[in-house]
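Following: one structure in structure tokens, then a few remarks.
The values are calculated or read from the model by the stated rules, or taken from the named source; none is laboratory data. Note that the structure is a prediction, hence the values are computed from the model and not measured. Here the Cβ positions follow ideal geometry from the backbone for every residue, glycine too, while neighbour counts run over all protein chains shown. Calculation scope for accessible area: heavy atoms of the full protein, side chains included, ligands and nucleic acids excluded. Shrake-Rupley method; radii C 1.70, N 1.55, O 1.52, S 1.80 Å.
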Amino acid sequence: MTEDVQKHSVHTLVFRSLKRTHDMFVSDQAKSISLDEESHKLKMAVKLKADYNAVLHMPILKETKDRIPQTSISMQAQQSYTQPASDDPEYLITGTHAYPSGPGVALTTTTKLHRNPSEAGVHSMALALPPSQASQDTSRTAASVSDIHRHAGTTERSRPPSSALSIMEGGGTRNNSLLRRAPTMPKPQWHPPWKLFRVISGHLGWVRSIAVEPGNQWFVTGSADRTIKIWDLASGKLKLSLTGHISTVRGVAVSKRSPYLFSCGEDKQVKCWDLEYNKVIRHYHGHLSAVYDLDLHPTIDVLVTCSRDSTARVWDIRSKANAHTLTGHTNTVATVRCQAAEPQIITGSHDSTIRLWDLIAGKTRATLTNHKKSVRTVVQHPRQYTFASGSADNIKQWMFPDGKFIQNLSGHNAIINTLAVNSDGVLVSGADNGTIHMWDWRTGYNFQRIHAAVQPGSLDSESGIFACLFDNSESRLITAEADKTIKVYKEDDTATEESHPINWKPDILKRKRF
């Protein structure tokens with residue numbers, strides 16, 4: 001008995017499943033639903049009111065029931081050039097916005113409607129122009145042969161404005177830019193090419209940062225091997241190694257006002273080293289994530305650091321107090337620079353913005369949003385009141401104090417990690433792919449490209465420039481690289497303008513204004 005019940009139950013379930021499947025596939029899914037006239041009328045009425053309510057009150061263009069043969073239309077078109085425009089209401093054109101024919105003219109029932117010209121119905125809808133525009137077009141005529149002969153041999157600038165305009169309007173265009181000469185790029189200043197002078201090895205990891213001491217006797221580097229090394233600038237020999245960081249050292253700076261060295265790293269630490277004792281004497285605690293860069297104020301005892309926690313912090317060097325926390329960036333703050341003039345602090349961030357800060361108030365003075373990619377480096381010109389920023393999309397030059405855009409330096413198509421500039425107007429950009437580009441600061445002309453070979457035993461992928469800096473004499477360029485080396489470049493003393501001419505053409509200036 002139990003088996004019969006179970007058999008019946010399974011049979012029922014299978015039957016029901018078959019029925020559901022049959023019902024699902026028996027109907028023709030591609031066949032559209034029959035149109036409901038009442039619903040369609042309601043839908044069209046709502047659409048008319050929503051989309052065309054502004055023109056529903058206008059009269060409808062009437063069309064003649066009997067179509068006129070093409071031959072009769074052409075005959076009428078020839079006759080209509082001599083006949084005045086018809087006032088027949090059948091030729092009223094609607095659908096354009098109502099506006100008066102001139103200033104001070106009130107709108108009336110006649111000015112709200114545009115009358116069709118009497119040329120055959122071919123041009124009727126196309127010529128629905130306001131009276132003022134129509135009168136201008138009808139009065140406009142092409143330049144005659146006598147006009148052309150009269151102005152032959154004279155320059156564009158010597159012609160009276162009215163005649164030049166009439167000739168241009170005769171062609172149907174009003175392009176006043178034809179009268180102006182297109183701006184051209186000024187000839188760049190000649191700079192001798194730079195060549196590799198020395199390769200210094202010693203670090204066991206990527207070299208991430210460089211600083212030169214004020215006396216130009218030695219320089220300091222920070223590395224991913226967690227050490228800070230001090231090198232003799234003249235010989236390139238190692239003088240001292242400092243240990244204390246527990247992660248990559250991302251920034252170093254040497255004070256001009258005291259015998260102190262400052263360092264920061266991915267261990268969130270900011271340290272002050274006394275170079276007389278080669279020991280850490282102060283820590284600056286406050287950053288919540290890796291500290292990527294730091295800079296010293298040139299005239300007051302203030303240190304500014306920036307971090308992956310999207311902030312920059314202003315520290316009193318002596319008291320270790322956090323004077324300001326500069327908030328506003330929405331991503332990692334990758335670079336910071338200080339100067340004595342306003343704005344005293346400049347930051348660049350991975351949120352693709354640059355911020356100029358008011359140091360006294362601790363607030364943003366201006367935000368520059370022109371870059372489309374992360375801003376990883378900022379550099380100030382040593383003599384001019386200008387600065388440059390580097391990003392994967394472009395190098396941009398700006399004017400202080402408000403960050404007025406000057407020009408783009410395009411062509412270094414890589415992630416730009418570092419910029420350096422000297423008093424001669426040589427701008428250097430170092431990129432993540434190991435390339436160095438040399439630019440003329442004033443014109444933005446790229447006069448040299450360098451891609452030095454990696455250290456023997458390194459992978460080709462370890463070709464990258466993390467930092468570059470001119471020494472205080474500006475005769476040496478020092479680069480920190482991903483192949484664990486420090487490279488020193490100098491100008492080629494034997495080069496002349498004849499042996500290395502500027503490959504420059506006065507092309508039309510291409511300065512993107514964004």
So, over other residues within a Cβ distance under 13 Å of LYS256, counting Lys, Arg +1 and Asp, Glu -1, the net charge is -2
Quick calc: nm separation of the 7 Å Cα→Cβ label points for ILE406 and ALA45 -> 6.9
In whole percent, the fraction of accessible protein surface over the stretch 297-356 that belongs to carbon or sulfur atoms, probe radius 1.4 Å, stands at 44
Per DSSP, the loop-located trypsin sites (Lys or Arg not before Pro) within the stretch 277-349 having at most 11 other beta carbons within 10 Å are ARG318
Note on the stretch 390-485: contact order normalised by length, alpha-carbon pairs under 8 Å, 6 or more apart, percent, works out to 21
The stretch 243-284 and the stretch 455-469 have their Cα centres apart by a whole-number Å value of 25
Long-range amide H partners of ILE200, meaning residues 5 or more apart or on another chain whose placed amide H is closer than 5 Å, are ILE486, LYS487, VAL488
Simple SL model, points at 7 angstrom along Cα→Cβ for ASN433 and ASP232; separation in nm is 3.9
For THR299, other-chain or 5+-apart residues with amide H closer than 5 Å (H placed, Pro excluded) are none
Within the stretch 411-502, DSSP-loop GluC sites (Glu not before Pro) with at most 11 other C-beta atoms within 10 Å are GLU497, GLU498
The answer for the net charge of residues other than CYS306 whose Cβ lies under 12 angstrom from its Cβ, with Lys and Arg +1 and Asp and Glu -1, is +3
In the neighbourhood of PHE197 defined by beta carbon distances under 13 Å, the net charge of the other residues (Lys, Arg +1; Asp, Glu -1) is +1
Taking 0.36 nm per residue of separation between SER17 and GLN217 and subtracting their Cα-Cα distance, the length gained on full extension comes to 63.0 nm
The answer for PHE466, listing residues at least 5 apart or on another chain whose modeled amide H is closer than 5 Å to its amide H, is ALA480, GLU481, ALA482
Excluding ligands, DNA and RNA, the carbon-plus-sulfur percentage of the accessible area of the stretch 370-514 with a 1.4 Å probe reads 48
